[in-house]
Structure formats: structure tokens, C-alpha cells
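Read the figures in this text as sums done on the coordinates, not as results from a lab. Everything numeric in this text was worked out from a predicted model, so none of it was measured. Note that each Cβ is placed from the backbone with ideal geometry, even for glycine, and that neighbours are counted across all protein chains shown.
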Amino acid sequence: MNQAEPVRKHKERRISSPEHRAAYAAAKEKPMEHKPRLITSRSVEPVIHGAGRIGRINSWLAVRITRAVGTMWAAYVFVLISLVSFPQAIHAFQTGDTYIGISWLSQSFLQLVLLPIIIVGQNVISASQDARAEADHITLSTLHAINVRQLRMLEQQEELLKQQRAILELLEKK
């Protein structure tokens, strides 16, 4: 008694913009007209702050500050800055004032030192994602070109089959 399971309707679980869904539907509808796009971190900047003059200034400033603070050299400088108040933190721990000691640890050391290290890590991850996006773009563009060629070949074969059928019909009538 093998009963077929009812066909479940596909539920879209991805969260995407209406523009993306429309572009995806258009690409599925007419794959030969679709052109693959390369999107990297740099191409997304106008989306964050806007493409206007102020948005470009904000993006430029944010990137410059992030590049300056997001280095291991900045982390080393911040370690040195936080060590200036380290003797007071040790003295606070020794006298039983753990609030001051923990405050130094969390505010001076952890925040100052971890911020640039996290930014460095994010820069490494972003660079690897961009490299992966470029490699994927090349691969997908190649696959797209192959697919378009295959679709053209199928269309040509379909046309040949139509012509053969027409010839066979003419021969059968004679």
C-alpha cells in the first residue's frame, strides 16, 4: 500500500527584497537574457549611507577611520594606553575595590584592545568573502555562458526537428 505523499507547496524561507525576487523571476523566465553581476563589499557602500554627496562623505570617513583603528598597530597602541592606568587597577584590586579593577579591565583594556582586533578580523573575513564572490562570479558567468549555448543548441535542434517533421509529412503525402 504505497500511497504517494501529497505534494507540498514550496515555501520561500529566504528573506529578500521585492527587487531581488523580481530579478530572480526574470532570470528564470528568460535565462538567455540574464547577465550575472559581481557584487563586492565596495559595491554595497552606497546602500549603507546613500549615494548622495553626504552619504559618500560618511562612507569615506567611516572607511578611513575603520582602516586606521582596525589595525594590529592600533591594538598595540591601545594596549599601551590602557597600561597607563594599570597600576591604579592593581592597587584597586589589592585594596579590595574590585569595582574599579573590573571597570578598568572592561572599559580600558577589553574595549580598547578588542575593538581593533575585531575590526582586523572583520577585514580579513570581508577580503575572503570578496575573493570568494569574485571566484564565484567567474564560475557562474562561465556556467551561464555554457547554459546559454546549450539553450541555443536546443532551439536549433528543435528547429531542425520541426523541419524534419515537415519533410516527413510531405513525403507521407506523396
inquiry  = Using only DSSP helix segments of four residues or longer, with each worth -39500 (n - 2.57), what per-residue ellipticity at 222 nm results for the chain after dividing by its residue count and rounding to 500?
reply    = -25000 deg cm²/dmol
ask   = Where q = 0.16, 0.25, 0.28 Å⁻¹, what log10 of I(q)/I(0) comes from the Debye formula for the range 123-168, counting one point per Cα?
value = -0.59, -0.82, -0.89
remark   = Treating only Lys and Arg (+1) and Asp and Glu (-1) as charged, each at its beta carbon, one finds that the chain has a dipole about its Cα centre, in Debye to the nearest 20, of 540 debye
remark   = Shape descriptor, the chain: equivalent ellipsoid semi-axes (Cα gyration tensor, sqrt 5λ, whole Å, largest first) stand at 63, 22, 15
ask   = What is the total of Lys pairs in the chain with C-alpha atoms under 27 Å apart, excluding same-chain pairs fewer than 8 positions apart?
value = 9
request  = Among SER108, TYR76, PRO36, pick out the residue whose Cα is farthest towards the positive end of the charge dipole of the chain, where Lys and Arg carry +1 and Asp and Glu carry -1 on C-beta, about the Cα centre.
outcome  = PRO36
inquiry  = Which order do the peptides 142-154, 113-125 come out in when sorted by mean C-beta neighbours inside 10 angstrom, highest first?
reply    = 113-125, 142-154
query = Helix 72-84 sits at what angle to the longest principal axis of the chain, using alpha carbons and giving 0 to 90 degrees rounded to 10?
reply = 20 degrees
